[in-house]
Each structure stands twice: as C-alpha cells, then as structure tokens.
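The structure appears below as structure tokens.
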Amino acid sequence: MVVPLRSFHDFTRDELSALVASWNFSPVHAARLWSYVYNDGVRRWADMPEVPARLCGRLEAEISLALPPVTAEAHSTDGFTRKYLLALGDGRRIETVLMRFTGRVTACISSQAGCAMGCVFCATGQMGFARHLTPGEIVAQVMHIDGVLRKSDRDAPQAKSVRTSPPARHERLRNIVLMGMGEPLHNYEAVMRAVDILRDQNGPAIGAKHITLSTVGVIPGIVRLADEARPIQLAVSLHAATQAERAALVPVAQRWPLDALMDACRYYVGKQQRRIFFEWTLIAGRNDTTEQAHAVGRLLRGLQAQVNLIPLNPTRNYDGAPTDHGTARRFQEILTGYGLPSTVRQRRGIDIAAGCGQLATAR
Ligand code: SAH
Ligand code: SF4
C-alpha cells in the first residue's frame, strides 16, 4: 500500500523542528526549510542548496510541498479580483480569491469543502457539506496566492534604466479573510492551527489584525475565540435584526438564536477589547427596509461594532435580488444616526461569479 505523503503545510514550526530532530538532524535545518518555503517561495526540496542531501531524500520520500492544482480560474474585467478553483487530493473543489482593492492585497480562503449551515442565498450553502479542510489545505490556499503574486512580479516588464536601488520585494500578501467556502468555526481546530502557522513571525508573518474570520454565528466558537489569546478580527454574518427574519435566511439561527448570539458578541468585545464586524447581505425588499435598519441600530447600540453591507450576489437557487445603491446608502445613513459605523461593499468582480461558492457551482 502506498502511504500518502504528509503536507509540509500541516506542520507548525515547532513540529517541523521536532520531526527533523527525530530524523537526527539539527533543528537549524528545520529553520532553513521553513524560511526556504515561506520566505523565499521555494517549492521543491531539490532547490534548497543548504539542506543536506540525506535530509532532502527523507523529505522527498515523506513530506509533500505540492499545492492543489488550479482547475478553473476567472479574472474580473475590472482587474481587481482573481478567483481560483483548486482541486484537493480527493477531487473536492474549493475556491480561493485574490483581491486587490484600495492598494491592499487580500486572499479570501475557504475553510471547508461545502458548508452545513444552509444559508438560503449562499451558493456554498446550497451545495451542502462535503468535509472539513485540513490545516495544510487552508495554508496551501495562501501559498497559492503567494505564488501568484511572486509570479506576476517575475513576469512584470523590467525597467530599462540602470537600477540605483535594490529590486523591490514582490507584492506581499498582507490580509486574509476566512470568507470563502465553509463555516470556519465549524472547523475550529484546523482553522486555528492554520491561523497560527500563517501568523508565524519567521514564516508567512501575517499580522493577527490582518486576519478576519467570518462566522454565521456559531456561539460556542465565538465564546472560545473570546477566551483564547489569538487576536484576529471577528466578523459575524447578521443579515437580519429580528430572530424570525434571521432564521428565515440563516437556518442555524434556530439553534443559535439572535439573543444568545448578541450575548456572545458582547462577551467577545468585553473579553478581547476589540470591535466586532457585522456582515449584512443586502437583499432587495427583504432586509434592506428602514425598519430593519432601525432594528439593527437598536440591536447594536452601545457595542463596539462596524457593519459591512454587501449587496446580494444572485445565486441559482435563490430568487432574491441585490439592493440598489441608493437604498443601500439610505440604510447606511440610518445606521450612522445610531452612531454605528458602516461600509457598503461594492459588488466587484460580479462578472466572475465572485460570490462565495459560485465558481464551484458553475462548474
Ligand atoms: N460561513 C461564514 C464565512 C463564509 S461566507 C459566514 O457565513 O460568515 C462569507 C460571507 O459571504 C458571509 O457574510 C455570507 O453571508 C456572505 N455571502 C454568502 N453568499 C452570498 C451572496 N450570494 N451574496 C452576498 N453575500 C454572500
Ligand atoms: Fe455556510 Fe457562510 Fe454560506 Fe452560510 S453564508 S451557507 S455559513 S458559507
């Protein structure tokens, strides 16, 4: 029987050191391996000249550096969004998106293949749950985006003039949002392990403040995140300010009702001393009314919060329509009246089926 290789990206730096030590090599080599992969973007053991040949042979036989292959790719016409469909070892497909808005490079990554939460407007919810991703599969998505950035830097035309300063390092990925396919707090252990690898100062070194986890409102996960020392940003997908309306859009609200969710959010803000983001998918005539805007203003009053309003991306199995710009602005003004900061996210890249799970569904 062929034993599948373990993925390099499943290892924390300490675990890699322990593995290398168990093979009777100095931990110095583990630090070098880590740096080759995460700092220099090297993707083959044979391309690491400072690693002893015997160690290379062992790595070649036991640890894989492979990234999931791209099976479909779409670039938005405005040039700001690139979406990739990646094939996992078992043939499942997940989406990873590279976004370049307002000068920031952000990767939107998936935490599960499919999703069990069943939100009615979400393409991933409509496809159902397949499985949790491993930490390595989560980190690998970031490495894929890192590779894309390095490649576009290599492919960029070089200036003809003589350089007077060292060449700039490639455009670096600094922001990660766990807003792709899946519910990250339903896959807590693997997601947090991936987050810890991504935060490693000698590795990808993504600042905790630049990692945002979006949840549908899995209360035990929010409480656990509040209690642990991992200062990432939290976004809660609210979508409605009353229990009945929310449960109609987000079925798991029956299990984790709005009142208890708000208690968990207040606990999080108190414990972490950090504001919470609330995501609100704007659906025309459904949750974009002035009554809903006032209800959310009252619900979140006094909480350190920001609301991100996102007009619906229409999906195949949901007949709602996105809110128009004027209505979104009026909704926002009502929130401002309650002292609640908010943003209206533009539906960029709509032409590449940029909504969560939509490229996978299209295939
Ligand atoms: N499961 C997590 C994270 C993934 S979904 C969550 O639900 O928060 C990321 C965000 O995309 C959520 O706020 C979700 O409500 C939103 N979303 C999903 N489908 C959408 C669609 N068709 N149009 C607009 N927003 C959508
Ligand atoms: Fe799952 Fe989030 Fe989609 Fe809801 S919106 S089905 S929680 S991925």
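The values are calculated or read from the model by the stated rules, or taken from the named source; none is laboratory data. In this text, all values refer to a predicted model and were calculated from it rather than measured experimentally. Cβ: placed from backbone, ideal geometry, glycine included. Neighbour counts: every protein chain shown. The accessibility values were calculated without ligands, DNA or RNA, using every heavy atom of the protein model including side chains. Shrake-Rupley method; radii C 1.70, N 1.55, O 1.52, S 1.80 Å.
Tell me the Kirkwood hydrodynamic radius of the range 6-64 in angstroms, computed as one over the mean inverse distance between distinct C-alpha pairs.
It is 11.3 Å.
With a 1.4 Å probe and every protein chain left in place, work out the accessible area per residue of the range 6-64 in Å², rounded to a whole number. The partial results should precede the final answer.
Numbers: 2940 Å² over 59 residues.
I get 50 Å² per residue for this part.
Once you keep just the Cα pairs under 8 angstrom separated by 6 or more residues, what percentage relative contact order results for the range 6-64?
37 percent
Is it possible to state the helix-based mean residue ellipticity at 222 nm for the chain, with each DSSP H run of 4+ residues giving -39500 (n - 2.57), the sum divided by total residues, to the nearest 500 deg cm²/dmol? What is it?
-11000 deg cm²/dmol, from helical runs alone.
Within the range 13-82, report the GluC sites (Glu not before Pro) that DSSP leaves as loop and that have at most 11 other Cβ atoms within 10 Å.
Glu50
In µm²/s, what is D for the chain at 37 °C and 0.692 mPa s, where D = kT/(6 pi eta Rh) by Stokes-Einstein and Rh is the Kirkwood radius from Cα pairs?
My calculation gives 150 µm²/s for D.
Scan around Ile206 for amide H atoms under 5 Å from its own, H built in the peptide plane at 1.01 Å from N, and keep only partners 5 or more places away or cross-chain.
Here Arg199, Asp200 satisfy the definition.
Taking all protein chains as present, what is the carbon and sulfur share of the accessible area of the range 6-64, in % to the nearest whole number, probe 1.4 Å?
The value for the range 6-64 is 51 percent carbon and sulfur by accessible area.
Determine ³J(HN,Hα), in whole Hz, for all residues of the range 84-97 in sequence, where each value follows from phi through the Karplus function 6.51 cos²θ - 1.76 cosθ + 1.60 and θ = phi - 60°; x replaces Gly and Pro.
Once rounded to whole Hz, the list reads 10, 9, 10, 9, 7, x, 8, x, 5, 10, 10, 9, 9, 10.
Going by amide H atoms built from the backbone, whose H comes under 5 Å of the H on Gly114, apart from near neighbours?
Amide H to amide H, under 5 Å and 5 or more residues apart or across chains, Gly114 pairs with Ala130.
Relative contact order (percent) for the chain, with alpha-carbon contacts under 8 angstrom and 6 or more residues of separation?
16 percent
Of the candidates Ser237, Ser111, Ser22, which one comes out as most mobile in a Gaussian network treatment of the chain with C-alpha springs shorter than 10 Å?
Looking only at Ser237, Ser111, Ser22, the biggest GNM fluctuation is shown by Ser22.
When DSSP beta bridges are limited to those with both residues in the chain, what percentage is antiparallel, rounded to the nearest 5? Let's see the in-between values first.
Working: 21 of 46 bridges.
Here the antiparallel bridges make up roughly 45 percent for the chain.
Through the Karplus equation 6.51 cos²θ - 1.76 cosθ + 1.60, θ set to phi - 60°, convert the phi angles of the range 63-80 into ³J(HN,Hα) values in whole Hz; use x for Gly and Pro.
10, 9, 9, 5, 9, x, x, 7, 9, 7, 8, 9, 10, 6, 5, 7, x, 8
Is the shape of the range 253-301 best called rounded, prolate or oblate, per the rule: a/c under 1.5 gives rounded, else a/b larger than b/c gives prolate, else oblate, with a ≥ b ≥ c the square roots of the Cα gyration tensor eigenvalues?
Judged from the Cα gyration tensor, the range 253-301 comes out prolate (a/c at least 1.5, a/b above b/c).
Starting from the amide H of Tyr318, placed 1.01 Å from N in the peptide plane, find each other amide H under 5 Å away whose residue is 5 or more places distant or on another chain.
Amide H neighbours of Tyr318: none.
Report the net charge of residues surrounding Glu333, where surrounding means a beta-carbon distance below 15 angstrom and charges are Lys +1, Arg +1, Asp -1, Glu -1.
Taking every other residue near Glu333 into account, the sum is -1.
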